[in-house]
Structures are given as C-alpha cells and as structure tokens.
Amino acid sequence: MKLANKILAFLLFGLSAHAMVAQDQETLRLSLNEAQQYAVEHNYTLQNASLDVQKAEASKWQTISSMLPQVKAGFDYQNMCGYEMNFGSRGGGMSSMIPDSIQIGTMWLPIRLPDGFGGDGESASTGIPMNPSGNFSITASIALTGAQIVGIGLSNIALEMANISHKQSVQSTKANVKNVYTSILVMEQTVALLNNSLANMQQLYQTTLASVQAGAAEQISADKFAVQVATLRNSINTTQRTLTMLYNSLLLQLGADVNTKIQLTTTIEQLLDVNQAAQMVAGNSFNIDDNYNYQLLSQSEKLAKKQVTMAWMDYTPVVSAYYQYSAKTYFGKDEGFNMTPPNMIGASVSLPLFQSGSRMAKVKSAKIDYQETLNSKKQAEDGLHVQYNQLCYDLISAIESYQIQKDNLAVTQRVFDNTAEKFKYGRASNLEVTTANTDIITAQSNYIQAVMNVINAQVALETLLGM
C-alpha cells in the first residue's frame, strides 16, 4: 500500500512539473529589442514580403530561361491496319502505258513490275506496304529578341524593389511593435497612477465617513468622495480593458499564438530617453538615399526608363535557330518508304517593317510615363525634406511638452497632498479636495499623452531616416 502511495505521489509530482513547464513555455518574456526580433521572424506580413522577394527571383530566372535553348522530345506511332498503297491493274497489251515511276509529294518513286510481266493479256499491280511505324524526334531551338534582353533588366529592377519593400516592411513592423510596446508600458503606468489616486480618495472617503459618524461633517461630503472613488474605479477598469486590447495587438504584431502570455522586461524609463531623442535632431542630418520610399521611387525611375528602351525593342529583329533529329522505324516485315531526314537545322531572322505608327506611339507613351515618374520623384524628394523639418519640430515640441507635463504632474501631486492634509484638519473644503483630485487626474492624463507624443515623434523620425 505504501508503494502505491509513493507511485501516485510521484505521478502527481510529474504532472505538476509538466504543467509548470507548459505554463512557463506559454509566457514570452521580451525586451523591446527581443520583441522586434521575434516579430521579424514570425510576423505574417513579413513572411509574405519575403515570399514576394522569392517570387521576384523566380520571375527573373523565368525571363533568363526564355533566352536559353529549349529542348523537347517526342514519339509518335502510326498503324494503317494492313493498308497497302496500290497502283491499279495493267494488261491487254497496255504495258507500254505503265509509268516507270510515280510522284508522292515532292519525291518520285520507281515502280518495279513483277517478273514475267509481258505482253497482251497479262496483268500486274504494284504497291507500297504501309507498315506500322514509329518516329522519335528531339528538337532544340532558341529565339532571341531585344525585348528579352531588356526584360532581364526589368526583372533585376523588380527584384531590387521587392528587396527594398521587404526592408521597409521590417522597419514598419519594428516601428509598430515599438508603438504598441510603449503603449502597454504607458497604460500600465496609467493604471499605477490611477490606483495611487484611488488609494488617496479612499483614505479621504474613510476619513470623511468617520467625521460624518462623529457628527463633525455632513453626509453629502462623504457622498461626493464616494462618487470620486467610483469614477476612479471605472477609469481603472476602462484602462485595464484597453491594456488587454493592446496586449492582443502586440500578439498580432509578433505573430505569436493568441493564447501566449507576454511579460515586458523593458521599463518606460529605459525606453523614454529624452536626451537621445534630442540628439536625433541635433546630431543627425537627413540623407534622403537612406529613406526606403525614396529608394522605391529611384527604382521606379529606372523601371520607367527601361520601359522606353523596351518600346524601342519593337524595331529590332527576332533571330531564331533550331536543330531537329528524327529517327523513323518500321515495325512490319517489309521496310516502307522513309522520307523523314534524320537531321535538320534551320535559322530565321524576321524584322517588322510597317505597323501603321503603333510602335512610335508606344515609344512616345513610354517617354511620357518616364517624364511623369521624374516629376513625381522630384516632388517626393522636396516633400521628404519638408517632412524631415516638420518631424524635427514635432520632436522638439514633444520633448518640451514632456518636460512641462512632468513638472506639472509633480506640482499637482504636491498640491493634492497639501490640500488633503488640510482637509483632515478642517482647513480645506470638500470642493478644494475634489478640485485638487481633478487637477491631478488631468495632469496624469497630460503626462501620459506627452510621453506618447515623444515616442511617436521619435519613431516617425527614425522611420524617415531609415533607422
């Protein structure tokens, strides 16, 4: 009996340990950098962007393979079911009228009469056996056009654009992860601030309630504090629901299972480096070539220019050549006539001479598209420089506002503490305490918004700089 109890205890311990390990495996403990790297490896949008690169690579090799020799083999079988090609009957002294050959297609075949064929009254016939036959052939061909050569250049540009788009998707995913990661930390800080305010209001409510029971205060004062307590609890619950939604959003950005738990290890203090954000404005210059949108525009310019060259290729000739090997075999007793040459080579050059001006119209249209691309690129270039200046101003304003709201939060907290202390000794009214509490909640909200503004402005500037 004791042995059975030991075995049962061991099994229960093993199951408990397995459950603890499984629970631990379902929790992701991630710093900001680890979260971004996890998203790069698992995000579905990035996986599709990577597949687009592979698709562009396959398209490039498809274009190249069209310029290489194409080889195909074939086999066909024919059976005339015993049919024999006959050339009539001869007789009645008509032998002189029998031709000595017959034309089949472009070939003349001799007619051999049977032995003994002679004079009048004799008859004879000749024929060609149509025995079953099989034909095996191998054909190698190649065709070259100017459009194919230009097409390789177009494929290279498309591949480069796919690579740039993939890098841009990586940058965008990292920025989204940072935004959501920061929002979670800010919401958690908001909950902490609201809990602190709730604890202060509950203490004041209990103090006022005791005063009401002692006859030193009116019930209306306690009721006002009760409303304040209920409002704060509602704000906390709303923030908690928002926090849950943000965690779910982070799971989608990471590409993790929806049932996975996440624990963030980077603090808001580590993430919010105001000095580093300020140095981005003071120490960095805008190199437009690092911007992925501008890189895509540059590739679009090359693509439009190649399209002009592609339009001109309609004037170039098409050169083709082929080699064919054929082996025909008869399966009957008698060998039939084999008119299939075993080896054949050929080449051709074709040049379109007149197409009613359609080719020139195509070239003109391509040139117009190219000029439009140049105009769009120049406009985008000017816009990116303006955007850089604006984002620098936004970041500077966000940092200044953050400093102000941080100081304001500290001041309103001291005002509230002072007013609450006076209220305990009857030197401050209920209205003054309520106003001080409203001010501190407003200051907390403004501070949280200022933190988010700094982070958002910094991420926007990093994205523009290609960081």
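The values are calculated or read from the model by the stated rules, or taken from the named source; none is laboratory data. A quick note: this is a predicted structure, and the numbers were derived from the prediction, not measured. In this analysis, Cβ positions are derived from the backbone assuming ideal geometry, glycine residues included, and neighbour counts consider all displayed protein chains. These area figures cover heavy atoms from the full protein model, side chains too; ligands, DNA and RNA do not enter into them. Shrake-Rupley method; radii C 1.70, N 1.55, O 1.52, S 1.80 Å.
What the table shows:
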| read-out | value |
| --- | --- |
| Orientation-averaged projected area, Cα convex hull of region 173-286 (nm²) | 10.8 |
| Shape parameters for region 371-455, alpha-carbon atoms, Rg then Dmax in Å | 22.4, 80 |
| Partners for Lys224 among lysines (Cα-Cα distance below 18 Å; same-chain residues under 8 apart left out) | Lys422, Lys424 |
| Inter-centroid distance (Cα atoms) of region 165-229 relative to region 364-423, Å | 27 |
| Charge tally in the Cβ shell below 11 Å around Glu421, where Lys, Arg are +1 and Asp, Glu are -1, Glu421 excluded | +3 |
| Cα→Cβ-extended label distance, 7 Å offset, between Gln240 and Asp382, nm | 5.5 |
| Relative contact order computed over region 397-457 (Cα-Cα under 8 Å; 6+ residues apart), in percent | 52 |
| Rg/Rh ratio calculated on Cα atoms of region 263-380 (Kirkwood radius) | 1.45 |
| All-pairs Cα distance distribution in region 47-87, expressed in whole percent, bin size 5 Å | 6, 13, 11, 9, 9, 8, 8, 6, 6, 7, 6, 5, 3, 2, 1 |
| Hz values of 3J(HN,Hα) by residue in region 312-319 - Karplus curve (6.51, -1.76, 1.60), Gly and Pro given as x | 5, 5, 5, 8, 8, x, 10, 10 |
| Accessible-area value, Phe331, 1.4 Å probe, nucleic acids and ligands omitted, Å² | 120 |
| For region 253-296, the spread of Cα positions along each principal axis, largest first, Å | 43, 32, 7 |
| Gyration tensor (Cα) of region 212-265, equivalent ellipsoid semi-axes in angstrom | 43, 9, 6 |
| Entries of Lys178/Lys367; Lys167/Lys261; Lys55/Lys367; Lys378/Lys406; Lys72/Lys305; Lys174/Lys378 with Cα pairs more than 32 Å apart | Lys178/Lys367; Lys378/Lys406; Lys72/Lys305 |
| q = 0.13, 0.15, 0.16 Å⁻¹: log10 I(q)/I(0) that the Debye formula gives for region 176-232, counting C-alpha atoms only | -0.46, -0.53, -0.56 |
| Ranked order, Glu432, Glu381 - accessible area, probe 1.4 Å, largest first | Glu432, Glu381 |
| Convex hull projection area averaged over all views, region 264-332, Cα basis, nm² | 15.8 |
